[in-house]
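Written out below as structure tokens is the structure these notes cover.
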Amino acid sequence: MYDVGRCLLSDRLLQARMTQQELANRLGVTRQQIHTYTTGERLMSLPIAKNISAVLHCDTDELYEWKPVEERKKRR
């Protein structure tokens, strides 16, 4: 199991040499919405993450750090 960690969107944008505004324009959303993802104020929905990964040519898993969570012990 995993918990969502830090958003890596800023890193992916740097690699793609793209601004938040350019990404927002491609997706038809506001720059402020993209900003809320990069700061961790909001988590991306699955459709948004899929569209961002398509624009940035990366996997959706590469948009966040993923922290392993110790699985709960089975209840008896």
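Some points to look at:
- Every residue from segment 35-73 that is β-branched (Val, Ile, Thr), under 13 Å from the mean Cα position of the chain (by Cα) and surrounded by fewer than 13 Cβ atoms within 10 Å (Cβ to Cβ): THR39
- Among the residues of segment 12-29, those that are within 16 Å of the chain's Cα centre (by Cα) and part of a loop (DSSP other than H, G, I, E, B) comprise MET18, THR19, VAL29.
- Top-ranked residue of segment 1-25 - restricted to ones that are touching a residue at least 40 places away in the same chain (Cβ under 8 Å) and of a type in the set (Gly, Ala, Ser), ranked as nearest to THR36 (Cα to Cα): GLY5
- Residue list for segment 12-29, filter: surrounded by 14 or more Cβ atoms within 10 Å (Cβ to Cβ) and closer than 16 Å to LEU63 by Cα: ARG12, LEU13, ALA16, MET18, GLN20, LEU23, ALA24, LEU27
- When GLN32 is tested against (1) part of a loop (DSSP other than H, G, I, E, B); (2) loosely packed, with under 14 Cβ neighbours inside 10 Å, only condition (1) is not met.
- Of all residues in segment 32-42, exactly one satisfies the criterion of being touching a Ser or Thr at 6+ places or on another chain (Cβ under 8 Å) and either without any contact (Cβ under 8 Å) to a residue 24 or more places away in the chain or more than 18 Å from TYR64 (Cβ to Cβ) (or both), namely ARG42.
- Looking only at residues in segment 1-11 that are hydrophobic (A, V, I, L, M, F, W, C) and either exposed (fewer than 12 other Cβ atoms within 10 Å of the Cβ) or not in a strand (DSSP E or B) (or both), the one that is modelled with the lowest pLDDT is MET1.
The values are calculated or read from the model by the stated rules, or taken from the named source; none is laboratory data. None of the values given here were measured: they were computed from a predicted structure. We place every Cβ from the backbone using ideal geometry, glycine too, and count neighbours over all the protein chains shown.
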